[in-house]
């Protein structure tokens, strides 16, 4: 029986609340590979009632940020000023919605892709500014951006459509949660929810067999949308796939002699697995599936994992303890090289393409500050890059929202 058949059966059982693992043996001429179709799923994952605002940032976290910014404390004041000076904070911004957003590989074509992502970041930016200042003009601008898209968009097309849907779909719920549940005066919020339910959720919840950063971003979007929609079934389904993909994305020695197989796709032998890991055949704690591709895409994957984990913490489930070994090793491994450590010859042939990006604040705060894990490489990387701004895709203002945030 093929793995994808087993996975379909697994997904159906997860939806019914089952908790178990599926193992499948396949063979080629040189190896017998034992596969995990999933990591251990969390039974009854969705909370009895969702917490709002509850996507990436909670009300308590927002209150902490507001207090620190208004007190002029660092690094929050400089992070806020960075955000306020960005193009995303402009009250004269004109939304640019399209009925069909067409996104090809390497942004060719790019018909509305940048506009959609950046309008979503702007809506989130404006919601944050409103929360800190109380200036209703920013809440109204956030609403105007969300309303323009919810009145227009119908679909995403071309080869990068799933990733585009994941990136934009990760950011929209952050803005919507703050506006709906903290600001409150949003006449068209139901139409926006319908947009998330019909345009975004069906695409992202299906997952992807592409490189791991795709599926992780898609699961981030699915989890955030499910929270906003109070959709427990979609939340549980997304969390189950997220756990399986995370376990297959970051290697730790406890996995055995090789990484876990991805939850879907045609990676069925050790040789195919090595190819999928960009030709890397030596596996060490913290190595990621895309490390030898480049750190930029690896950063996308690690960031999406941290965002989902943080949302689960807000929702009372808290996957950080379960993920701490993979995440502390992953961040330590990659920031070590970003900080200047020489790359050994057994890692990516002795050369890596750096550029992890502004993606460490959420994980560093959760692991070092909350869980008390010593993370010297991550600390050096994070503090040297404050304030961490935006990657103009789906990461935005995380020094502001998460640096040393105890809430």
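The values are calculated or read from the model by the stated rules, or taken from the named source; none is laboratory data. Source: prediction; values computed, not measured. Cβ: placed from backbone, ideal geometry, glycine included. Neighbour counts: every protein chain shown.
Out of 268, 231, 294, report the one residue that is over 13 Å from residue 330 (Cβ atoms) and touching a strand residue (DSSP E or B) at 6+ places or on another chain (Cβ under 9 Å).
Step by step, each of 268, 231, 294 is checked, and only 268 is over 13 Å from residue 330 (Cβ atoms) and touching a strand residue (DSSP E or B) at 6+ places or on another chain (Cβ under 9 Å).
Just one of the numbered conditions (1) within 20 Å of the chain's Cα centre (by Cα); (2) surrounded by fewer than 21 Cβ atoms within 10 Å (Cβ to Cβ); (3) closer than 23 Å to residue 226 by Cα is not true of residue 166; which one?
(2)
Given the conditions (1) closer than 22 Å to residue 215 by Cα; (2) touching a helix residue (DSSP H, G or I) at 6+ places or on another chain (Cβ under 6 Å); (3) crowded, with 16+ Cβ neighbours inside 10 Å, report the number of the one that residue 159 does not fulfil.
(3)
Conditions (1) at pLDDT 95 or above; (2) farther than 30 Å from residue 175 by Cα, marked per residue:
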{"site": "249", "(1), (2)": "yes, no"}
{"site": "264", "(1), (2)": "no, yes"}
{"site": "282", "(1), (2)": "yes, yes"}
{"site": "295", "(1), (2)": "yes, no"}
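Any chance you could count how many residues in segment 35-50 are at pLDDT 95 or above and either more than 11 Å from residue 317 (Cα to Cα) or in a helix (DSSP H, G or I) (or both)?
1
Which of the residues spanning segment 51-84 are within 24 Å of the chain's Cα centre (by Cα), part of a loop (DSSP other than H, G, I, E, B) and within 20 Å of residue 388 (Cβ to Cβ)?
If the condition is that a residue be within 24 Å of the chain's Cα centre (by Cα), part of a loop (DSSP other than H, G, I, E, B) and within 20 Å of residue 388 (Cβ to Cβ), then 56, 75 are the ones that fit.
Would you say residue 168 is in contact with a helix residue (DSSP H, G or I) (Cβ under 9 Å, 6 or more places away or on another chain) and under 18 Å from residue 53 (Cβ atoms)?
No, not satisfied.
Report yes if residue 55 is in contact (Cβ under 8 Å) with a residue 12 or more places away in the chain and either surrounded by fewer than 18 Cβ atoms within 10 Å (Cβ to Cβ) or under 30 Å from residue 245 (Cβ atoms) (or both), otherwise no.
In short, yes.
If a residue must be out of contact with any strand residue (DSSP E or B) (no Cβ under 9 Å at 6 or more places or on another chain), assigned to a helix (DSSP H, G or I), buried (at least 19 other Cβ atoms within 10 Å of the Cβ) and in contact (Cβ under 8 Å) with a residue 40 or more places away in the chain, how many such residues does segment 192-207 contain?
Residues in segment 192-207 being out of contact with any strand residue (DSSP E or B) (no Cβ under 9 Å at 6 or more places or on another chain), assigned to a helix (DSSP H, G or I), buried (at least 19 other Cβ atoms within 10 Å of the Cβ) and in contact (Cβ under 8 Å) with a residue 40 or more places away in the chain: 3 in total.
Report every pair of residues separated by at least 6 positions or lying on different chains whose Cβ atoms are under 8 Å apart, first residue within segment 312-334 and at positive phi and free of Cβ contacts under 8 Å to residues at least 24 places away in the same chain, second buried (at least 22 other Cβ atoms within 10 Å of the Cβ) and part of a helix (DSSP H, G or I).
If the second residue must be buried (at least 22 other Cβ atoms within 10 Å of the Cβ) and part of a helix (DSSP H, G or I), the pairs left are 318/309; 318/312.
Counting just the residues of segment 298-341 that are under 27 Å from residue 53 (Cβ atoms), modelled with pLDDT of 95 or more and part of a loop (DSSP other than H, G, I, E, B), which one comes out farthest from the chain's Cα centre (by Cα)?
If we take residues in segment 298-341 being under 27 Å from residue 53 (Cβ atoms), modelled with pLDDT of 95 or more and part of a loop (DSSP other than H, G, I, E, B), then 316 is farthest from the chain's Cα centre (by Cα).
Considering only residues that are surrounded by fewer than 16 Cβ atoms within 10 Å (Cβ to Cβ), touching a residue at least 40 places away in the same chain (Cβ under 8 Å) and part of a helix (DSSP H, G or I), which ones fall in segment 85-113?
105, 107
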